[in-house]
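The values are calculated or read from the model by the stated rules, or taken from the named source; none is laboratory data. Model, not experiment: these values are computed from the prediction. Using ideal geometry, Cβ is built from the backbone for each residue, glycine included, and neighbour counts are taken over all protein chains shown. We work out accessible area using only protein heavy atoms, side chains counted, and drop any ligands, DNA or RNA first. Shrake-Rupley method; radii C 1.70, N 1.55, O 1.52, S 1.80 Å.
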Amino acid sequence: MQKTPATFAMSEFDHRYNMLIERFASEPEPIFESASEQAFVWGREWGCNSDVGRLRVVLMHRPGEEMRVVDTLPHIPELNAFGDPTTGAYWRGNQRPTLEEQQAQHDALVAALREEGVEVVYLKRAAAGRHKSIYTRDSCIGIKGGAIVTRMGPRIRRGEEAPVTETLAALGMPILRTIHGHGLMEGGSFAYIRPDVAVVGVSSRVNEEGARQLEEVLAVQGTRLICVQIPGYRLHIDGGFVMIHHDVAIVNPSMLPFVFMEELKRLGIRMIPVNHEDPSWTVNCLAVAPGRVIMSDRVSARTQDALDKAGISIRLVEYDRVGLGGGGIHCSTSPLVRDPI
């Protein structure tokens, strides 16, 4: 009698393969941002979970030949500015400082940061003609575990994204997201309030799609993102709000929505307002540690006294020549590593 061949559910190879993969299964823990995982895979803990934790590594760019484009811009009298609509390059005001003046002030800021124990990393290069590359705050955002490469708004800044990506990759810093599609995002309009709450200012430089992509990344880390509208044609939230201690912020109330300031009060944030005696870039300062701040040497005595009473230690640096280009100390520094708080 002829026997019917047996029918098997799987081959011996498949059986052994399945048992092997089951025994050596994937492991989602520890999570990507954990200290052990960061050190094992990426060599160190990267990123920031606040704007005030002790600053360890910062990204900067010393102004160079890309600034020469400013000297070629025609004057636009009705705007009190220089600009070329065909290239999108522009310069506010009627003063164009020399490259040497800007380099000297930038070098002094770098020296101050190094004396505060901060490692300064320079961009590997500046995109040709992108004269705002000095404002590295805008081209990437350091968050817990890595960085977000942004997508710049105006034509003259588009192109800064590639050099910052090259620099972060060379450092070995993980890039958690690159803003893409129709999204627009510039880092000067993002701020941590505390590790579990952050804010983004929607403006002509940050659209809702860019904010949505940012929110998506932060949500994975358990950080709530508050979206606020920046009034008028103001660009970034760091013109009106910068955290300088765990529960202290320096603010310009005329540049912030009322509902946002009320939310800051609910979160227990004490606001120190600037006044009419302060230069425009006073708020645009940088915390190098909780309660330790580098800021413009033009800050008024009244604001210095208010900061002192709040327990804030300040270090003053001259930065007005760089400020003529549209950004201050905060704009010129992009934190890559801060001690967690």
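Data table
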read-out: Difference of contour (0.36 nm per residue) and Cα-Cα distance, A162 to S300; value: 45.8 nm
read-out: Tail weight of P(r) past 24 Å, computed on alpha-carbon pairs of the stretch 84-203, percent; value: 35
read-out: Amide hydrogen neighbours beyond the local backbone of C140, cut-off 5 Å, H modeled; value: T150, G187
read-out: With at most 15 neighbouring Cβ atoms within 10 Å, loop chymotrypsin sites (Phe, Trp or Tyr not before Pro) (DSSP) excluded, longest segment of the chain; value: 25-232
read-out: Span from the the stretch 265-321 Cα centroid across to the the stretch 61-99 one, whole angstrom; value: 29
read-out: Listed residue pairs exceeding 29 Å between alpha carbons, taken from K265/K309; K132/K309; K124/K144; value: K132/K309
read-out: DSSP beta bridges in the chain [antiparallel fraction, %, rounded to 5]; value: 55
read-out: Under the Karplus curve 6.51 cos²θ - 1.76 cosθ + 1.60, θ = phi - 60°, whole-Hz ³J(HN,Hα) for the stretch 124-131, x wherever Gly or Pro sits; value: 5, 6, 10, 4, 4, x, 8, 6
read-out: Mean Cβ neighbour count within 10 Å, used as a protection proxy, ranking 54-60, 161-167 highest first; value: 54-60, 161-167
read-out: Spacing of the two label points (7 Å from each Cα toward its C-beta) at R23 and E262, in nm; value: 6.3
read-out: Between helix 99-115 and the chain: long-axis angle, C-alpha atoms, 0 to 90°, nearest 10; value: 60
read-out: Accessible surface of the stretch 198-301 [probe 1.4 Å, protein heavy atoms]: carbon and sulfur percent; value: 54
read-out: Amide H within-cut-off set for A89, under 5 Å, with H built and near neighbours excluded; value: D84
read-out: Accessible area of the chain divided out per residue, in Å², using a probe of 1.4 angstrom; value: 47
read-out: Segment E37-A128, extension gain: residue separation times 0.36 nm, minus the distance between their alpha carbons; value: 29.0 nm
read-out: Radius of gyration and Dmax over the Cα atoms of the stretch 218-278, both given in Å; value: 12.4, 42
read-out: nm² value of the averaged projected area, convex hull over the Cα atoms of the chain; value: 23.6
read-out: GNM flexibility winner over the chain from P97, P195, P85 (Cα, springs under 10 Å); value: P85
read-out: Degrees between helix 12-23 axis and first principal axis of the chain (Cα, 0 to 90, nearest 10); value: 40
